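**Student:** First the structure, then my questions, so here it is.
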Amino acid sequence: MNSLTAMVTGAGLGCLAMYGLDPEMGRRRRALARDKMIKIQRKAGDAAAFTARDLKNRTLGTFAEGKSLLAEGEISDEALAERVRAELGFLVRYPSFIDVQVHSGEVILTGDAFSDECGQLITGILSLRGVRCADNRLRTHESTEDFPSLQGQPLKPKPTGRPFDIMQRHWSPATRLLVSLATLGGLGALAYSFAGGNGYSRRRSHGIRGRFRSQGSRAMSSIWPHKSHGVIEKIREELRL
């Protein structure tokens, strides 16, 4: 097995050297590889900064929501009306046809909506913080044929409420990061348990990891001696409060 591994490794290194050190096309290939690595580094820095900003905003929002739940205060009618309008898109098909008015915590709904979504609309509004009661004054419709502004148009699918972030079709950067870390952690734990079950010693695994880390750090420092800090600096700038 060791001889086969050495043979495959040597063949791969030989092909790589032949590809990059070719006297005719080698210079162009090295330049293309360098440009691609620089592009990948720039995109990685932008993605890391965007993910750090999204994670920071979500963390601050979670702390603010928890603080508001512990110290409940008076909510203005204007703020409560905006909160209700922001929730309408998760409860009805056409939120633009509904008008929202708030008076001392009482939400008054006027406009047009479909009859099969009025129940979840009222339930969703009553679950919002600050809402005392809801007055349903909507004109209900069974289909688009008796809906004045939607006649002849196909009916949209009925919304099912605000979904969890992990159940959405497009994940946020923070969700992708957390799911990736959880997946890598699970795979690492599985690989560690599998290696331990097959009789590999911890000393050998630590030695292999140590050599891999040292060789990888030397390789990265030789490739990017001063550019490798760009990603870390972008993350620090985004996380700076």
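The values are calculated or read from the model by the stated rules, or taken from the named source; none is laboratory data. Note that the structure is a prediction, hence the values are computed from the model and not measured. Please note: Cβ atoms are built from the backbone with ideal geometry, for glycine as well, and neighbour counts cover all protein chains shown. Protein only, heavy atoms only, side chains kept; ligands, DNA and RNA dropped before computing areas. Shrake-Rupley method; radii C 1.70, N 1.55, O 1.52, S 1.80 Å.
**Student:** To the nearest Å, what is the center-to-center distance of the range 61-136 and the range 1-53, using C-alpha atoms only?
**Tutor:** With the range 61-136 and the range 1-53 each reduced to a Cα centre, they are spaced 54 Å.
**Student:** Put +1 on the Cβ of each Lys and Arg and -1 on the Cβ of each Asp and Glu in the range 1-106; which of V8, A86, G105 then has its Cα farthest toward the positive end of the dipole?
**Tutor:** It is V8.
**Student:** On to the next question. Under Stokes-Einstein, with the Kirkwood radius over Cα pairs standing in for Rh, what whole-number D in µm²/s applies to the range 1-141 at 4 °C and 1.567 mPa s?
**Tutor:** It diffuses with D of about 62 µm²/s by this estimate.
**Student:** Under 4 °C and 1.567 mPa s, how fast does the range 21-90 diffuse according to Stokes-Einstein, given a Kirkwood radius computed over C-alpha pairs? Answer in µm²/s, whole number.
**Tutor:** Reported coefficient: 76 µm²/s.
**Student:** For T183 and R139, compute 0.36 nm times the residue count separating them, minus their Cα-Cα distance, and round to one decimal in nm.
**Tutor:** Contour length minus the Cα-Cα distance gives 11.0 nm.
**Student:** What list of ³J(HN,Hα) values in whole Hz, one per residue of the range 15-29 in order, does the Karplus curve 6.51 cos²θ - 1.76 cosθ + 1.60 (θ = phi - 60°) give from phi, with Gly and Pro shown as x?
**Tutor:** Calculated HN-Hα couplings, in order: 5, 5, 5, 5, 5, x, 10, 4, x, 9, 10, x, 4, 5, 5 Hz.
**Student:** Also: If you place +1 on the Cβ of every Lys and Arg, -1 on the Cβ of every Asp and Glu, and leave all else neutral, what size is the dipole of the range 47-175 about its Cα centre, to the nearest 20 Debye?
**Tutor:** 600
**Student:** Quick one: Karplus J couplings for the range 137-144, per residue in order, coefficients 6.51, -1.76, 1.60, θ = phi - 60°, nearest Hz, x for Gly and Pro?
**Tutor:** Those phi angles translate into 10, 7, 8, 8, 9, 8, 8, 6 Hz.
**Student:** Another question about this same structure. Rounded to a whole number, what % of the accessible area of the range 1-159 do carbon and sulfur atoms account for, probe 1.4 Å?
**Tutor:** The computed percentage sits at 59.
**Student:** Using the beta-carbon distance between S149 and A86 and R0 = 22 Å, what value does 1/(1 + (r/R0)^6) give for FRET efficiency, to the nearest 0.05?
**Tutor:** After rounding to 0.05, the efficiency reads 0.50.
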